[in-house]
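These notes are about the structure you will find just below.
The values are calculated or read from the model by the stated rules, or taken from the named source; none is laboratory data. Remember, it's a predicted structure, so these values are computed and weren't measured experimentally. Counting neighbours? That spans all protein chains shown, and the Cβs are built from the backbone with ideal geometry, glycine included. Surface areas here come from the heavy atoms of the whole protein model, side chains and all, with no ligands, DNA or RNA. Shrake-Rupley method; radii C 1.70, N 1.55, O 1.52, S 1.80 Å.
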Amino acid sequence: IVDDQALVRAGFRMILEIEPDLHVVGEAADGDHAVAQVAALGPDVVLMDVRMPGADGIAATRRIMADASCGARVVMLTTFDMDEYVYEALKAGASGFLLKDVQPELLVAGIRAVHAGESLLAPTVTRRMIESFLDRPRAVDPRARERLALLTARERETLQLLARGMTNAEIAADMHVSETTVKTHVGRVLMKLGLRDRVQAVIYAYETGLVSSGPS
């Protein structure tokens, strides 16, 4: 748990440690200490505040994800009015984010989902925050866009729907296939494009112009 406020860390710890399958292995009050703690303790999931003294959560996340030997997934803690921070955190390698006033049961469910390899991008508020920041002109990387040719038509459609924040169940209903088939498509998309998870896939889809954040 990384947050510069001791009371916030204590609150999260109390919520998490009553769960039989969750164990808080460490805390940090700033980004630099967080990086050191992750390297020393090897946690599965890191709850990372965005704004802290010294190295902020985005810089710390970038350093954590740059370590190829690190298997930790980072979940950012943020508020409604930080769209640009959210996007930069996802670019840095975070697997999603939670609002700091999240309900305890959603906090626990979110951590379990991220640990299982999912991303916290499904809620409508998440899509709105990402799209509001991306709704501005940005250069398309032609080299990244060339990799889209590696995808089949079905995989490309899967990526488009995934990028709009749809869950596997929603994608399956839209494409009239099973969730198992969707999981297979998503896995192939990530493998072919060299992406780590669904979060990176969403960013890739926006930055290559495959989808836009304007009206459809």
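Overview of values
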{"item": "Criterion (in contact with a helix residue (DSSP H, G or I) (Cβ under 7 Å, 6 or more places away or on another chain) and either open to solvent by 80 Å² or more (accessible area, probe 1.4 Å) or closer than 15 Å to Ala89 by Cβ (or both)) met by exactly one of Asp21, Asp56", "result": "Asp56"}
{"item": "Filter result for Ala172 (open to solvent by less than 30 Å² (accessible area, probe 1.4 Å) and in a helix (DSSP H, G or I))", "result": "yes"}
{"item": "Single residue of the stretch 175-199 satisfying the filter (touching a residue at least 40 places away in the same chain (Cβ under 8 Å) and in a helix (DSSP H, G or I)) that is nearest to Arg147 (Cα to Cα)", "result": "Leu193"}
{"item": "Criterion: open to solvent by 50 Å² or more (accessible area, probe 1.4 Å) and on the phi > 0 side of the Ramachandran plot - qualifying residue of Gly71, Gly42", "result": "Gly42"}
{"item": "Hits in the stretch 95-126 - residues which are of a type in the set (S, T, N, Q), farther than 20 Å from Lys183 by Cβ and either in contact with a helix residue (DSSP H, G or I) (Cβ under 6 Å, 6 or more places away or on another chain) or modelled with pLDDT of 85 or more (or both)", "result": "Gln103"}
{"item": "Wholly enclosed helices (runs of 4 or more DSSP H) of the stretch 1-111 bearing at least 1 residues polar (S, T, N, Q) and closer than 27 Å to Leu195 by Cα", "result": "31-41, 57-66"}
